[in-house]
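Asks: My structure is below; once you've seen it, I'll send some questions.
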Amino acid sequence: MKHVKAIYPGSFDPPTNGHLDLIERGSKIFGELVVAVLQNAEKDPLFTESERVKMLQATTARFKNVRVETFDGLLVDYVREQKAQAVLRGIRAISDYEYELQMALMNRKLDNDIETVFMMPAIAYSYLSSRLVKEVYRLGGSIKGLVPDIVEQNLAEKVRSSKITKIPKRAAR
Ligand code: PNS
């Protein structure tokens, strides 16, 4: 699929090693891969768009055919604007499938020429999500091996700037 340009859209709040695993896999099969960070998400994100873009840029710089951008509005409009042909999404477990299928079929209804390609991250990341990373970090658990160092540093920065409160770990009884 080296002639195919794909868009990997998401919230990436924050990027995890699961996202990076998928980006690496995608960069090997697609000619070009654009990691597209959703702007104006209804959810209240912890990281600003520009922080998310910077973390992704720093961690994907080694992939020469990968670029990081932001988008808003309909994904299919952005795919067309980028002259891309495919959307890349990760499926970790069956529980992801229903939501992903719904989105893929809605996107197909909106534009029949755009294909959604699903890839599985490494099994080691099959339980990993941005939401759980934030929760575990806040509650003082270890997120070692789950996010790139730069993300851990950025989380620490959020604690320093009081955007999140880190709850001290309970002492072992
Ligand atoms: O990382 P996420 O939050 O699972 O990513 C969801 C995302 C960004 C892929 C999805 O919300 C999206 O495509 N939003 C853009 C708006 C849109 O096109 N909605 C219709 C999709 S069916």
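The values are calculated or read from the model by the stated rules, or taken from the named source; none is laboratory data. These numbers were taken from a predicted model, which means no experiment stands behind them. Surface accessibility is based on the protein's heavy atoms, side chains included, excluding ligands, DNA and RNA. Shrake-Rupley method; radii C 1.70, N 1.55, O 1.52, S 1.80 Å.
Asks: Against the longest principal axis of the chain, how steep is helix 49-60, in degrees 0 to 90 to the nearest 10, with axes from Cα atoms?
Replies: Between the helix axis and the principal axis of the chain, the angle is about 80 degrees.
Asks: Here's a follow-up. If you take the square roots of the eigenvalues of the alpha-carbon gyration tensor of segment 1-106 and sort them as a ≥ b ≥ c, do you get rounded (a/c under 1.5), prolate (a/b over b/c) or oblate?
Replies: Rounded, since a/c falls under 1.5.
Asks: So how much accessible area does Ile29 have, in Å² to the nearest 10, using a 1.4 Å probe?
Replies: 60
Asks: At 0.36 nm per residue, minus the direct Cα-Cα distance, what do Asp77 and Asp149 gain on full extension? Give it in nm, one decimal, please.
Replies: Working: separation 72, 0.36 × 72 = 25.92 nm, distance 3.36 nm.
So the extension gain works out to 22.6 nm.
Asks: Using a Cα-Cα cut-off of under 12 Å, which aspartates and glutamates could be cross-linked to Lys83, ignoring same-chain neighbours fewer than 8 residues away?
Replies: Candidates past the 8-residue exclusion: Glu32, Asp113.
Asks: Taking a temperature of 10 °C and a viscosity of 1.306 mPa s, what whole-number D in µm²/s does Stokes-Einstein yield for segment 80-173 with Rh from Kirkwood over alpha carbon pairs? Don't skip to the end; give the middle numbers.
Replies: On the way: Rh = 16.2 Å.
In µm²/s, the coefficient is 98.
Asks: Additional query: Once fully extended, how much extra length lies between Val159 and Arg131, figured as 0.36 nm per residue of separation less the alpha-carbon to alpha-carbon distance? Write out the running numbers ahead of the final one.
Replies: Working: separation 28, 0.36 × 28 = 10.08 nm, distance 1.62 nm.
Roughly 8.5 nm would be gained on extension.
Asks: Right, next: Relative to the longest principal axis of the chain, what angle (0 to 90°, nearest 10) does the C-alpha long axis of helix 94-110 take?
Replies: The helix 94-110 is inclined about 40 degrees to the chain.
Asks: In addition: Roll a 1.4 angstrom probe over the protein heavy atoms and tell me the percent of accessible area of the chain that is carbon or sulfur. Kindly include the intermediate steps, with their values, before the conclusion.
Replies: Values: 5440 of 10100 Å².
Looking at the chain in its full context, I get 54 percent from C and S.
Asks: Something else now. Which of rounded, prolate or oblate describes segment 47-97 when judged by the alpha-carbon gyration tensor and an a/c cut-off of 1.5? Numbers along the way, then the final one.
Replies: On the way: a/c = 1.45, a/b = 1.13, b/c = 1.28.
Judged from the Cα gyration tensor, segment 47-97 comes out rounded (a/c under 1.5).
Asks: Which shape class applies to segment 17-168: rounded if a/c is under 1.5, otherwise prolate when a/b exceeds b/c and oblate if not, where a ≥ b ≥ c are the square roots of the Cα gyration tensor eigenvalues? Please list the in-between numbers first.
Replies: Numbers: a/c = 1.70, a/b = 1.64, b/c = 1.04.
Taking the square roots of the gyration eigenvalues as a ≥ b ≥ c, segment 17-168 is prolate.
Asks: Express in Å², to the nearest 10, the accessible area of Lys28 obtained by rolling a 1.4 Å probe over the protein heavy atoms while all chains stay in place.
Replies: Near enough 130 Å² of accessible area.
Asks: Averaged per residue, what accessible surface does the chain expose to a 1.4 Å probe, in Å²? Let's see the in-between values first.
Replies: Numbers: 10100 Å² over 173 residues.
Here the residues of the chain average 58 Å² of exposed surface.
Asks: Kindly express, to the nearest 10 degrees and within the range 0 to 90, the angle between helix 17-29's C-alpha long axis and the longest C-alpha principal axis of the chain.
Replies: Roughly 20 degrees between the two axes.
Asks: Hey, which of these cross-link pairs are over 32 Å Cα-Cα: Lys43/Lys109; Lys64/Lys158; Lys5/Lys54; Lys28/Lys163; Lys5/Lys166? Could the numbers behind the result be given before it?
Replies: Details: Lys43/Lys109 25 Å; Lys64/Lys158 30 Å; Lys5/Lys54 22 Å; Lys28/Lys163 37 Å; Lys5/Lys166 41 Å.
Violating the 32 Å Cα-Cα cut-off are Lys28/Lys163; Lys5/Lys166.
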